[in-house]
Amino acid sequence: MASSSDASSALAAAAAVGKKRGSYNCGRLPPRGVAASAAVCRGWRGCARRVWRAAAELRLRAAGVRPVGALLPRCPALSRLVLRMESDIDATMLACVAFSCPNLQYLEISMVGSAANRMTGDELTRFVSEKRSLSVLKLDGCSNLSFLNISSSSLSTLWLSDLSSLLKSVINCPNLNELSLGFTQQNNDSTDLISLMDSLGRTCSNLRNLHISSIHLCNEAVFALEGANLRGLCMLSLILGSKITDAAVASIVRSYASLDLLDLSGSSITDNGLGMICKAFPHTLTRLLLALCPNITSCGVQVATSQLPLLQLMDCGKSLCANSQPEAERSYFGEIYGGIKFCSKLPIQRKQQPNYQKLIIKHASLKKLSLWGCSALDALYVNCPELSDLNLNCCTNLHPGAMSLPENADAIFLQRQLLKCKCLQLENFYTERLLLQCPSLKDVHASGCRDMLIGAIRNQVLNEFASAEPRVPCKRLADGSKRVQVPHFMLEQQFKEEKWGSRLKRSQCTVHLS
């Protein structure tokens, strides 16, 4: 509920707006402002009533079921409802929504802080079966659902997070296009993922986007998904499955021909699996996420960027790591779908990588590159004209300065790569560890990096890292006989045009340090 100070400020704002521009502005106030405007006068009370009746979408942050139950009956035309709950909820919330919103099409409930979702599987099953018009359902904190038995012909999107130990998993939704199931990261989770994957082909044949997050994902679950025969799948995300290997990648390659997004973050695939992905989806894959994959190397990442011409997003966070401490004692964090998630790494066989690696990326379409936590990188060369976001957080061993190459073979290999990419002049080969040739760069994230690296990044992205060809201040005479120097006033005019044109565009990049 709103505090007295919030209500009084909203009331004053509503009164001020009403005096200036009339009742039209009541519909532009937030929910608290609309509720407070009803106390201004009789005319405003009627205006607020009409706003509630005509409202089609409501986004509300509430501290309990009571304020939601008091507000929803005023909105009979509501079709989209987004709730952020600050206290525990149970079946009473579902009953309130089902009774007050007969035409609801979109429902999203998320929990804030320590608030808990105490809905059970029976209650959720009953709610979905009664809401014939519901097409999108997103629920957070579903740890009390002991089973799933969802059957609906109208549901097209289903997101359930924090699931745990499901005894039964039946999702019979023939028109379902997107399914996201997030399981808790607990070793005692007894959900049968193999049976769940196998049943999707029979009950959700039109599935196009699939996201499963579980530390118990394994090759057998992926093989069962292959048997489900979901040929229309475009987005596949199987994350935190440390038991997923190149055998699962081979199954994915056999099953799907036109994947647009593939997320295998937290898996144990190697460069061989990455090569299979590149050969299978060169003309469709635009987003590839391989964070927390300890067995891939910089060579595999370079091959992926060179063989996937349509790639726009590449995430290799915490995959290129120096072997500085035992694997069992390490913890990993990363940006997975917009949030920071912490997870403990399972004890798996890790392929021994060289402590320091060099990464060269040249790509014409890449727009976002994430290398957070890649402590094994000591040299980085990026030549991507469309790149707008670069994440270098916690790249602790990446720093500018003279490059030390102890092995001549490594130097020859890097020199060939640089000449092939044409992203460096040969005389800068041994003097630059970091080179960013990205004229469209807008955001660089450098939290946890060395001060020298941050300074070098600022020098390159804020000054003239994408400078154009140098001007030639001379022109030929009319008869083309000889070249003469351009008058000074013409040079000043050209300088002003560049100053207010392209140079201002280059200075829009922001370096984020937090």
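The values are calculated or read from the model by the stated rules, or taken from the named source; none is laboratory data. All values derive from a computational prediction rather than experimental measurement. Here Cβ is always computed from backbone atoms with ideal geometry, including for glycine, and neighbour counts include all displayed protein chains. When the accessible area is computed, the model is the full protein with side chains, heavy atoms only, and any ligands, DNA or RNA have been set aside. Shrake-Rupley method; radii C 1.70, N 1.55, O 1.52, S 1.80 Å.
So here's what we get for this one:
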quantity: Subset of the range 239-284 (residues that are of a type in the set (Val, Ile, Thr) and either touching a Gly at 6+ places or on another chain (Cβ under 6 Å) or in a loop (DSSP other than H, G, I, E, B) (or both)); calculated: Ile239, Ile244, Thr245, Val249, Ile269, Thr270, Thr284
quantity: Lone qualifier among Ala77, Ala54, Ala62, Ala116 - being aliphatic (A, V, I, L, M) and closer than 20 Å to Thr184 by Cα; calculated: Ala116
quantity: Cβ-Cβ under 7 Å pairs, at least 6 apart or on other chains, the range 75-102 side in contact (Cβ under 8 Å) with a residue 60 or more places away in the chain, far side of a type in the set (Gly, Ala, Ser) and open to solvent by 60 Å² or more (accessible area, probe 1.4 Å); calculated: none
quantity: Test for Ser154: is it out of contact with any Gly (no Cβ under 9 Å at 6 or more places or on another chain) and closer than 25 Å to Ala116 by Cα; calculated: no
quantity: Residue that is modelled with pLDDT of 95 or more, open to solvent by less than 30 Å² (accessible area, probe 1.4 Å), in contact with a Lys or Arg (Cβ under 9 Å, 6 or more places away or on another chain) and of a type in the set (A, V, I, L, M, F, W, C), where the choices are Leu380, Leu390, Leu369, Leu414; calculated: Leu390
quantity: Which numbered condition Ser324 fails, given (1) at positive phi; (2) modelled with pLDDT under 95; calculated: (1)
quantity: Where Ala250 falls short, out of the listed (1) at pLDDT 95 or above; (2) crowded, with 22+ Cβ neighbours inside 10 Å; (3) over 16 Å from the mean Cα position of the chain (by Cα); (4) not acidic (Asp, Glu); calculated: (2)
quantity: Which numbered condition Gln312 fails, given (1) more than 21 Å from Leu441 (Cβ to Cβ); (2) in contact with a strand residue (DSSP E or B) (Cβ under 7 Å, 6 or more places away or on another chain); calculated: (1)
quantity: Leu310, sole failed condition from (1) touching a Ser or Thr at 6+ places or on another chain (Cβ under 8 Å); (2) of a type outside the set (S, T, N, Q); (3) surrounded by fewer than 18 Cβ atoms within 10 Å (Cβ to Cβ); (4) over 25 Å from Ser388 (Cβ atoms); calculated: (4)
quantity: Search result, residues across the range 42-94 that are under 26 Å from Glu123 (Cβ atoms), open to solvent by 70 Å² or more (accessible area, probe 1.4 Å) and part of a helix (DSSP H, G or I); calculated: Arg66, Pro73, Arg74, Thr92
